[in-house]
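Participant: Got a structure for you, questions after.
The values are calculated or read from the model by the stated rules, or taken from the named source; none is laboratory data. Here the structure is a predicted model, which is why all the values come from computation and not from measurement. Here the Cβ positions follow ideal geometry from the backbone for every residue, glycine too, while neighbour counts run over all protein chains shown.
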């Protein structure tokens, strides 16, 4: 499936139904007076966060969403039916922004959360509302209001507990597969991962969602490589696993550590302060294990409290990482119950 995390959509709510001009006509009631009913309200266009979709791909090919209008009022004071709402399923983590001003209008970061994207017009009032002592037979009714029309930008930020970050070819996808049995693509060349991958790690009765973020390079926050497209996905995580390759062909681990953290800080000062586990990967390539003590000392000089050594290929040490991740996640408050967010575009 093609991963799409941004798109533009046009939404139009339903027009309100017309009010009715009608007069009571019954035997023995020659002057029954007005009895025109009100028109129904137009349908709303509503976005709903759901687990049923993973990307915004569908909305790239279907850009226009229109709700039906309300029915016209009828005689005998019968009001028209409201127009049905149009509900648009979007992935959890979707943000809704005004396409022209880029102002954030709604953040659907929980399953079941909703946002009214365009509100339907009110139905017109029937002629029963226009009777006065001097005007007993009004032939006036409202036409109903137009529904709101908006151009919106949908921006997906993946929701995960743990973000796995690092330079290209650090072994992030391999680690994700070792922990979660995901089908993330792996390969011995840079930028194997072109889209974020999600996996679920089962810890007793708890599911921990991990996101493998495509490799960052120097200048990623400015658009070099794939960084500016995917750094935003790290913002939804709570803990970062910073994976660094011990392969002789890879960048020096200390320099790699600095490059990635500089990019995080350049993108967001808040992101740079996230809890971070430093994990040196590809342990299977190290013949002399005394070398690990040297790396541990070097990272301690940089202020790193604890360094983990793993092999995503052989799975050595991978579950020790998650034990530490759980220790970080436990003090965090659980998410609030899914709620409904409504906003009225200006």
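Each row is one residue, and each column tells you yes or no for (1) at pLDDT below 90; (2) farther than 24 Å from residue 238 by Cβ; (3) out of contact with any strand residue (DSSP E or B) (no Cβ under 9 Å at 6 or more places or on another chain).
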position	(1), (2), (3)
272	yes, no, yes
276	no, no, no
281	no, no, no
291	yes, yes, yes
314	no, yes, yes
318	yes, no, no
323	yes, no, no
333	yes, no, yes
337	yes, no, yes
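Participant: Continuing with this model, one more query. Specify which of the listed residues (119, 63, 77) is in contact with a helix residue (DSSP H, G or I) (Cβ under 8 Å, 6 or more places away or on another chain) and touching a residue at least 24 places away in the same chain (Cβ under 8 Å).
Facilitator: Just one listed residue meets the conditions, 77.
Participant: Kindly indicate whether any position in segment 41-52 is out of contact with any strand residue (DSSP E or B) (no Cβ under 8 Å at 6 or more places or on another chain), surrounded by fewer than 19 Cβ atoms within 10 Å (Cβ to Cβ) and more than 29 Å from residue 209 (Cβ to Cβ).
Facilitator: no
Participant: So which residues in segment 117-149 are touching a strand residue (DSSP E or B) at 6+ places or on another chain (Cβ under 8 Å), assigned to a strand (DSSP E or B) and surrounded by fewer than 21 Cβ atoms within 10 Å (Cβ to Cβ), if there are any at all?
Facilitator: 149
Participant: I'm trying to understand the selection: among the residues of segment 96-116, which are at negative phi and outside any strand (DSSP E or B)?
Facilitator: 99, 100, 101, 103, 109, 110, 111, 113, listed by residue number.
Participant: Same structure again: Please specify each residue of segment 217-264 satisfying the condition of being modelled with pLDDT of 85 or more, assigned to a helix (DSSP H, G or I) and surrounded by fewer than 22 Cβ atoms within 10 Å (Cβ to Cβ).
Facilitator: 253, 254, 255, 256, 258, 259, 261, 262
Participant: State yes or no: is residue 101 assigned by TED's automatic domain parsing to the domain that holds residue 47, surrounded by fewer than 22 Cβ atoms within 10 Å (Cβ to Cβ) and either at pLDDT below 95 or closer than 18 Å to residue 65 by Cα (or both)?
Facilitator: Judged against the criteria, residue 101 is a match.
Participant: Which of the following residues is crowded, with 21+ Cβ neighbours inside 10 Å, in contact with a strand residue (DSSP E or B) (Cβ under 6 Å, 6 or more places away or on another chain) and modelled with pLDDT of 95 or more: 90, 86?
Facilitator: 86
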